[in-house]
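Every number in this text was worked out from the coordinates using simple rules, so none of it is lab data. Keep in mind the model is a prediction, meaning the values are calculated, not measured. Note: ideal-geometry Cβ built from the backbone for every residue, glycine included; neighbour counts use all protein chains shown.
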Amino acid sequence: MKGFKDFLLRGNLIDLAVAFIMAAAFGAVVTAFTQLVMDIIGKLGGAPDFSAVAVGGVNIGKFITALVAFVIMSAVVYFGIVKPYDALKKMTEKPAPADEAGAPTSEELLAEIRDLLANQQQK
């Protein structure tokens, strides 16, 4: 029972649960926004539901509707999450420390250690 308790209280599991819940809530927002854009497309160019579109007797309308919804959702996620996150990450990122010009490389340090050990063994 202790192992199960440790598993449940592990930090990664809690973080993952919170992320899942937040993703589900955000999914509802993205879906509502996508429906809003689809309604605007419908007002501008007719019905936003392309399910009646058929090419050569093959009904491709549902695919077109899903494709348009996917592009809209992708744009919302990219411009609403990814771009702001990248900008925030760049603002808070610490610059990488510059290598000192006179600092020896690891190969040079290892060669120096080798030489010191060789000198100690000869004495």
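Where does each of Lys94, Lys89 land when they are ranked from fewest to most other beta-carbon atoms within 10 angstrom? Please report the intermediate quantities before stating the final value.
Values: Lys94 5, Lys89 9.
Ordered from fewest to most neighbouring Cβ atoms within 10 Å, Lys94, Lys89 come out as Lys94, Lys89.
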Practice prompt. Rounded to whole Å and sorted largest first, list the principal axis extents of the Cα atoms in the stretch 2-92.
Written response: 63, 37, 20
Discussion item. Helix-only estimate, please: 222 nm mean residue ellipticity of the chain, summing -39500 (n - 2.57) across DSSP H runs of length 4 or more and dividing by its residues, to the nearest 500.
Written reply: -23500 deg cm²/dmol
Worksheet, complete the sentence: Per GNM of the chain with C-alpha springs under 10 angstrom, the most fluctuating residue out of Asp39, Asp49, Asp15 is Asp15
Fill in: Gaussian network model of the chain, Cα within-10 Å springs - most flexible of Ala111, Ala75, Ala25
Ala111
Discussion item. In the stretch 2-92, if the dipole is taken from +1 on Lys/Arg beta carbons and -1 on Asp/Glu beta carbons about the Cα centre, which of Ala75, Ala23, Leu44 is farthest to the positive end?
Written reply: Ala23
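Please give the length that would be gained between Asp39 and Met1 if that part of the chain were fully extended, namely 0.36 nm times their separation in residues minus their C-alpha to C-alpha distance (nm, one decimal). Present the calculation step by step, with values, prior to reporting the outcome.
Working: separation 38, 0.36 × 38 = 13.68 nm, distance 5.29 nm.
Contour length minus the Cα-Cα distance gives 8.4 nm.
For the chain, calculate the relative contact order in percent as a whole number, restricting contacts to Cα pairs under 8 Å that are 6 or more residues apart. Each step should come with its number before you reach the end.
Numbers: 42 pairs, mean separation 16.1, N = 123.
Once normalised by length, the contact order is 13 percent.
Once whole DSSP H runs in the chain are found, which of them have Cα atoms spread over 18 Å or more along the helix axis and a mean Kyte-Doolittle score of at least -0.5?
Details: long enough: 11-45 (50 Å, 1.54); 61-77 (24 Å, 2.16); 106-122 (24 Å, -0.59).
Counting only whole DSSP H runs, the qualifying helices are 11-45, 61-77.
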